[in-house]
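A.B. asks: Before anything else, here's the structure in question.
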Amino acid sequence: MSKMSKRAMMSIKEFREKGYLQELNRCFLHPLGLAMEVKVDEDGTETFGCIWDERDDPGGIIFDIENSDVDRQIAFDKKKAFIEHERYRRDPVRRRVVGFVLEPVRDLTGWYGTGKSDHGKTNGKTKKDSMSYVEITDDKVISNMKGSLDERRRKLDKAKEDGLKAEIVYNVLRRIVSLAKLSKSDMLDMLKSLPGITPDHIEYFTTAPDPEDYKSYFKDVLFLSIWNIFSK
């Protein structure tokens, strides 16, 4: 297990080309209104630039992939697929080695992101929230969307409904897979029949040494594939 001291370094070029920068921005920084920049000089040297700050925009930052040309969309898809494969490959092993995927942080301040903390008491005294808090309400989100007010409200309601549906579908699929008592060969046959499955998916599934690894992987891939079909 690597600490924050002695370790190998990845080049900025590989960090960008493999998709780490894209997914860091798309999945984490953009929704927070931030973006990390990499600059490519004329001689090909790549360096980290600034962190763009659009936190005043309730909609955050987007790549606008939907309105991009086909080549750009394919490039995004390839990088996303690589990072997802890395997560599928590494998550079960990391959980087995250190006991978690995302390292937990103890709640010592009573800060839960609500801006209304009544926890975090020390020596009988309640700590004051020292963090600035920006409440993202439905009205703020709607104000940043396109279309009439009714259209924007319908879009927001649908986004909330889709999130609930995704959670229900995932839990149902996990239950079905658990009850079905599928063998590894049965799971493999199902994976091969799913749209969007690549040789990398099959390779990881077939080489996973631990049953818990490939079973968890199968459930995640099955959910993503089915959800992509129904969400289109």
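A.B. asks: At 37 °C and 0.692 mPa s, grab the translational diffusion coefficient of segment 1-104 from Stokes-Einstein with a Kirkwood Rh over Cα pairs, rounded to a whole number in µm² per second. Could the numbers behind the result be given before it?
C.D. replies: Working: Rh = 15.8 Å.
Translational diffusion coefficient: 207 µm²/s.
A.B. asks: Next question. Once you list every other residue whose beta carbon is under 12 Å from the beta carbon of Arg90, what net charge do they have if Lys and Arg are +1 and Asp and Glu are -1?
C.D. replies: Result for the neighbourhood of Arg90: +1.
A.B. asks: Could you give the size of the charge dipole of segment 20-88 about its Cα centre, using +1 on the Cβ of each K and R and -1 on the Cβ of each D and E, expressed in debye and rounded to the nearest 20?
C.D. replies: Magnitude of the dipole: close to 360 debye.
A.B. asks: Could you check the simple spin-label distance between Glu103 and Lys192, using points 7 Å along Cα→Cβ, in nm with one decimal?
C.D. replies: Spacing of the two 7 Å Cα→Cβ label points: 4.2 nm.
A.B. asks: While we're looking at this one, here's another question. What does the charge count around Leu29 come to, taking other residues whose C-beta lies under 11 Å from its C-beta (Lys +1, Arg +1, Asp -1, Glu -1)?
C.D. replies: Net of charged neighbours comes to -2.
A.B. asks: Once the Cβ-Cβ distance between Thr207 and Asp64 is put in as r, and R0 is 30 Å, what FRET efficiency do you end up with, to the nearest 0.05? Before the final figure, lay out the partial values.
C.D. replies: Working: r = 37 Å, r/R0 = 1.24.
My answer for the efficiency is 0.20.
A.B. asks: Moving on. Using R₀ = 41 Å, calculate the FRET efficiency as 1/(1 + (r/R₀)^6) where r is the Cβ-Cβ separation of Asp157 and Cys50; round to 0.05. List each step's numbers first, then the result.
C.D. replies: Working: r = 36 Å, r/R0 = 0.89.
Once the sixth-power term is evaluated, E becomes 0.65.
A.B. asks: Using the per-residue mean of other Cβ atoms lying within 10 Å as a proxy for protection, in what order, highest first, do the peptides 68-74, 215-221 fall? Walk me through the numbers before you get to the answer.
C.D. replies: Working: 68-74: 10.6, 215-221: 19.4.
In descending order of packing, they fall as 215-221, 68-74.
Throughout, read-outs are computed from the coordinates displayed, never taken from laboratory work. From a predicted model like this one, the values you see are computed outputs, not experimental measurements. No Cβ is skipped: glycine too gets one built from the backbone with ideal geometry, and neighbour counts run over all protein chains shown.
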